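Presented below is the structure to which this report refers.
Taken together, the values in this text are just the output of simple stated rules run on the coordinates, not laboratory data. Because the structure is a prediction, the values reported are computed rather than measured. Positions of Cβ are generated from backbone atoms using ideal geometry, with glycine treated the same way; all protein chains shown enter the neighbour counts.
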Amino acid sequence: MACFLGISRRTLSDWKRGKFLLPLRVARKLCKQSGHPFPKHAIIEPQFWYTKKAAKIGGTAVLKKYGVVGGNSDERRKQWQRWWDTKGKYQRHSILERQSFRKPRITGHLAEFFGIMLGDGGMSKFQFRITLHHKDDLEFSKYVVRLIQSLFGIRPSIYHRVKMSVNDIAVSRIGLVEYLSSLGLPIGNKTKQSFNIPTWIMERDSLSRACVRGLVDTDGCVVIHKYRVSGKCYVYKKLEFTSASCPLVVSVKKIMEKNGLHPRMTRSGKGIYLDRKSDVAQYIRVFGSHNPKHLIRYKQ
């Protein structure tokens, strides 16, 4: 039902238990979908009906705390600072405490996670998230969730964005973000920072292959190339990888060449192709893939 209404399950739960009123448009949509008539005795409140009530509650709280409504804002700020210095900062509260996470060993799984993040991931100061198509990458999303759990001991949250047809796999941990940043994942806009594969991954062949696997599983695709010569139709598979970061594309090209492949870089410098049939087969054999979408398309 939450997906049908384009809302989170938390919002649906709040409506159900009466924490918030149900919007009129939603009530009508549910009635239409279920085939039930709109309730005759439903009370429809006017827009912003709650402001008077909220203002009264807020005014009472201010009066109780400061003894006056309105007054001098500078004085209120000084009183708050006095409270914070003497009591506030010494009080423990769960919302202010950092949540724990498990620091993984440097393995191929961590390098593959970095590849996935460099492909379809992003980090803010408070969380990281990986955005994947909700249908085409559904099985791969399940693998990513299991990978995150095994690495950091955290069950990620999944948010479905209906309008964009994607799922966001997100983990909110300030400490984890700082840890990943210290290992080379960029915080903020990746493209502006010309992001690249971290040095600790490039220095080891097993880690670099795992990282490329994560990159191609997110920002790569199997391309079916068709052409006709002398009336005969020829069909073969290519492997394509693209990225907005030219340094990253160069690094992927070097890793592929180091493993005996012959990648061709596009003129823009933001993509590479494996044109040879033998190269595509060797990539699948040496690097592998955990994205069923790629494997199915390759085997078809």
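A few remarks follow.
- Choice from 184, 122, 35 showing the highest fluctuation, given a GNM over the chain with Cα pairs closer than 10 Å: 35
- Distance between modelled label sites at residue 9 and residue 160, nm, 7 Å Cα→Cβ extension: 1.0
- Relative contact order %, the chain, counting alpha carbon pairs below 8 Å whose residues are six or more apart: 15
- Taking the Cα centre of region 41-146 as origin and assigning +1 to Lys and Arg Cβ atoms and -1 to Asp and Glu Cβ atoms, the resulting dipole is close to 800 debye.
- Selected from 81, 99, 127 as most flexible by GNM, with the chain as the system and alpha-carbon contacts under 10 Å: 81
- Distance between region 229-283 and region 135-185 - C-alpha centres, whole angstrom: 28
- Highest-MSF residue in the chain out of 222, 212, 235 [GNM, Cα springs under 10 Å]: 235
- Region 134-175 - charge dipole about Cα centre, Lys and Arg +1 at Cβ, Asp and Glu -1, debye rounded to 20: 140
- Taking 7 Å steps out from each Cα toward its Cβ at residue 281 and residue 236 produces label points 1.1 nm apart.
- Förster radius 22 Å - calculated FRET efficiency between residue 2 and residue 135, Cβ distance, rounded to 0.05: 0.80
- Anisotropy class of region 257-300 from Cα gyration tensor, a/c 1.5 cut: prolate
- Overall Cα dimensions of the chain, principal axis frame, Å, largest first: 86, 58, 34
- Relative contact order of region 63-161: 23 percent, from C-alpha pairs under 8 Å at least 6 residues apart in sequence.
- For region 99-248, fraction of C-alpha pairs farther apart than 27 Å, in %: 25
- Amide H contacts under 5 Å for residue 128, placed H, 5+ residues apart: 171, 173
- Placing R0 at 41 angstrom, the Cβ-Cβ distance between residue 229 and residue 194 gives a FRET efficiency of 0.50 after rounding to 0.05.
- Here's the list of lysines a cross-link from residue 19 could span, going by alpha-carbon distance under 23 Å and ignoring same-chain residues fewer than 8 apart: 29, 40, 52, 53, 56.
- Working note: Karplus 6.51/-1.76/1.60 with θ = phi - 60° gives region 70-81 the couplings x, x, 8, 5, 5, 5, 4, 4, 5, 5, 4, 4 Hz, where Gly and Pro are set to x.
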